[in-house]
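Here the structure comes first, spelled out in structure tokens, and everything after it is commentary.
The values are calculated or read from the model by the stated rules, or taken from the named source; none is laboratory data. The model shown is predicted, which means the values in this text are computed figures rather than measured ones. As a convention, Cβ positions derive from the backbone with ideal geometry for all residues, glycine included, and neighbour counts pool all protein chains shown.
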Amino acid sequence: MTAQPRVLSLLPSATEIVAALGAGDQLVGITHECDFPATIRSRDRVTECAINSLAAPAAIDAQVREITGQGLPLYTLRETAIAALRPDLIITQALCEVCAVMETDVRALASRLTPEPRVISLSATSLDAVFADIALVGAALQLGSAAEELIAGFRDRLRAIHDTLSAARAPRPRVAVIEWGDPIFAGGHWVPEMVHRAGGIDVLATAGEHSKVVTLDTVIAADPEIVLIAPCGYGLDRAVAEARRLIALPEWGWLQTQTVWALDANALTSRPGPRLIDGIEVMARIFNPSLFAPINSSLARAVRCPPPAP
């Protein structure tokens with residue numbers, strides 16, 4: 001029998017994919033950010049971050065710009081610890097240098113290990129590409145059938161949302177997803193597709209394109225009916241606090257008359273993995289609450305819900 005590969009995951013979404021495939025026990029090392037599912041939290045942490053992630057949004061953005069402007073990495077690998085873990089497979093990413101360790105650094109490190117582990121890189125910018133990444137990880141773990149079953153289940157859940165919206169001829173609200181508050185980033189990549197599949201119209205971003213900085217005037221002019229505050233890397237409590245901070249600012253006063261929800265971005269929107277489907281289901285409930293099951297209050301919270309017009 002072929003030995004199960006020892007897996008090093010260098011991004012939270014990869015950790016969630018491995019666990020969803022039933023191979024969580026093969027994870028020998030994870031990042032400092034990996035927190036789901038709870039069963040993996042005891043694994044060795046092999047990355048460090050140069051950013052103070054508890055700072056205010058503007059301060060975090062300034063740190064990122066300063067560090068990258070100096071040509072320095074935002075994340076570092078604990079090479080000695082990784083070598084001791086003897087991974088057979090390392091999963092990294094090639095999408096965003098702000099989100100995780102750079103692929104080039106990972107491949108350079110892998111070349112210095114003996115024996116040299118296999119490296120696979122995930123780079124999804126759409127839901128179909130996320131499914132392709134799940135299939136890639138499944139193949140690397142010799143769990144192709146499990147990956148196919150998992151993906152089929154996700155497609156069934158998406159189809160159920162579509163069928164429910166179609167049967168009800170549900171209206172599509174105009175939606176703005178704020179991925180960062182200072183400066184303002186509109187959620188890109190898979191997020192606009194999530195909004196569409198949940199029954200909304202993303203008024204700020206285009207599916208597949210990078211998240212982008214937008215002006216407040218642009219957000220206001222887009223005239224969203226629903227604003228989702230989902231800061232990248234934030235859990236629900238921090239997202240709620242950020243939503244309340246924005247609403248309290250004079251220039252964001254227009255939110256007083258809008259429907260505003262805070263989302264656990266780590267669980268629902270930021271990580272290109274299995275829980276994006278949860279995110280679509282939560283959005284569908286926000287957009288058309290009478291058609292879907294109640295929202296898990298640990299994942300999303302209404303911050304401002306004006307009464308319906310008489």
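Enumerate the helices (runs of 4 or more DSSP H) found wholly within the stretch 161-251, keeping only those where 3 or more residues are more than 23 Å from G273 (Cβ to Cβ) and not polar (S, T, N, Q).
216-222, 236-248
Take W254 and tell me if it is assigned by TED's automatic domain parsing to the domain that holds R275, at pLDDT 95 or above and aromatic (F, W, Y).
Spelling it out, it is not the case that W254 is assigned by TED's automatic domain parsing to the domain that holds R275, at pLDDT 95 or above and aromatic (F, W, Y).
Counting just the residues of the stretch 256-285 that are in contact with a Lys or Arg (Cβ under 6 Å, 6 or more places away or on another chain) and farther than 25 Å from A129 by Cβ, which one comes out surrounded by the fewest Cβ atoms within 10 Å (Cβ to Cβ)?
Ranking the candidates gives V260 first.
Taking T39 as meeting all but one of (1) surrounded by fewer than 19 Cβ atoms within 10 Å (Cβ to Cβ); (2) more than 21 Å from L268 (Cβ to Cβ), write down the number of the exception.
Just one mismatch for T39, condition (2).
Considering only residues that are surrounded by 15 or more Cβ atoms within 10 Å (Cβ to Cβ) and touching a helix residue (DSSP H, G or I) at 6+ places or on another chain (Cβ under 9 Å), which ones fall in the stretch 48-72?
I51, P57
Of all residues in the stretch 240-263, count the ones that are free of Cβ contacts under 8 Å to residues at least 40 places away in the same chain and either more than 24 Å from L165 (Cα to Cα) or touching an Asp or Glu at 6+ places or on another chain (Cβ under 9 Å) (or both).
Looking only at that region, the number is 8.
Could you list, in sequence order, the residues of the stretch 22-69 that are among the hydroxyl-bearing types (S, T, Y) and under 19 Å from the mean Cα position of the chain (by Cα)?
Within the stretch 22-69, T31, T47, S53 qualify.
Against the condition more than 20 Å from I201 (Cβ to Cβ) and either acidic (D, E) or at pLDDT 95 or above (or both), how does R285 come out, does it pass?
no
Would you mind stating whether T31 is under 22 Å from R107 (Cα atoms), surrounded by fewer than 24 Cβ atoms within 10 Å (Cβ to Cβ) and hydroxyl-bearing (S, T, Y)?
yes
Looking only at residues in the stretch 1-21 that are out of contact with any Leu (no Cβ under 9 Å at 6 or more places or on another chain) and in a loop (DSSP other than H, G, I, E, B), which one is farthest from N266 (Cα to Cα)?
M1
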